[in-house]
Every structure is written in C-alpha cells, then in structure tokens.
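Take a look at the structure set out below.
Read-outs throughout are calculated quantities, based only on the coordinates presented, and are distinct from any laboratory measurement. Everything numeric here is computed off the predicted structure, so don't read it as measured data. Cβ coordinates were reconstructed from backbone atoms using ideal geometry, including for glycine residues, and neighbour counts include every protein chain displayed.
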C-alpha cells in the first residue's frame, strides 16, 4: 500500500500516469479503519489501472491543509492526465462508491458512458 507524505506527494502526482485514489485517515479514527480495511481489495481490483494510496493526516499536516480536510475519513480520486480531483467522499462509504470514484478518475463516469467522452 502506497503511503504518501508531505514530502513525497507533489513529485508522485507530477510523475503519475494512472488515476490516483487517496484515503486521508487518522490512526485513532474508527471509521477510518473501516476504509483502510477496504484498500487492499481496491488495490487488487484496479491493479495496473489505478494507484491506491493513503495519507495519515496527523503526520502530514501540509497535505491535510492542501485539501482543507477538517474531518476524516476523506477520500479523493485524481485524474492521471490533468491531475485534478474528479470526485471525493467524506466519511466511510461502501466499496462500490470508491469503485465509482476511481472509474470517474479513469474517465468512465456517467457523462463518459453517455456521450463516449
């Protein structure tokens, strides 16, 4: 599982060629542990097609500030080409929700399915 930090984030995102899903968490947060438990299955599902990462907000305050995180768990999906946030979720969610977020970052969202973009 990839763990991004204040020092590794910028270079990793600049160099990435696959969509990125990030789970911002705290080690003392119960719902965060539920989301963290889902990450290995997401990693397996998107192997070679997306990067699944986590960020401990207690140890990486600059990243938490960049995304204006006030509550965890907080997950984002980021597109590989434009490096922009494509979707986000605050709080724990079902695995299907995270799959949709990653698919959106892959360009497989609703509009892409409807209009072929």
- Could you run through the stretch 34-56 and say how many residues are exposed (fewer than 15 other Cβ atoms within 10 Å of the Cβ) and closer than 20 Å to residue 90 by Cβ? 2
- Listed by first then second residue, the pairs whose first member lies in the stretch 45-60 and is at positive phi, whose partner is assigned to a loop (DSSP other than H, G, I, E, B), with beta carbons under 9 Å and at least 6 positions apart or on separate chains, are 48/18
- If you take the residues of the stretch 13-31 that are free of Cβ contacts under 8 Å to residues at least 60 places away in the same chain and touching a strand residue (DSSP E or B) at 6+ places or on another chain (Cβ under 8 Å), which of them is surrounded by the fewest Cβ atoms within 10 Å (Cβ to Cβ)? 27
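Taking the stretch 58-77 as the region of interest, how many residues are touching a helix residue (DSSP H, G or I) at 6+ places or on another chain (Cβ under 6 Å) and within 18 Å of residue 98 (Cβ to Cβ)?
Of the stretch 58-77, the ones touching a helix residue (DSSP H, G or I) at 6+ places or on another chain (Cβ under 6 Å) are 63, 72-73, 77.
From what's left, within 18 Å of residue 98 (Cβ to Cβ): 72-73, 77.
So the answer is 3.
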- In the stretch 26-117, which strands (runs of 3 or more DSSP E) lie fully inside it and hold 3 or more residues that are over 18 Å from residue 2 (Cβ atoms) and under 15 Å from the mean Cα position of the chain (by Cα)? 85-90
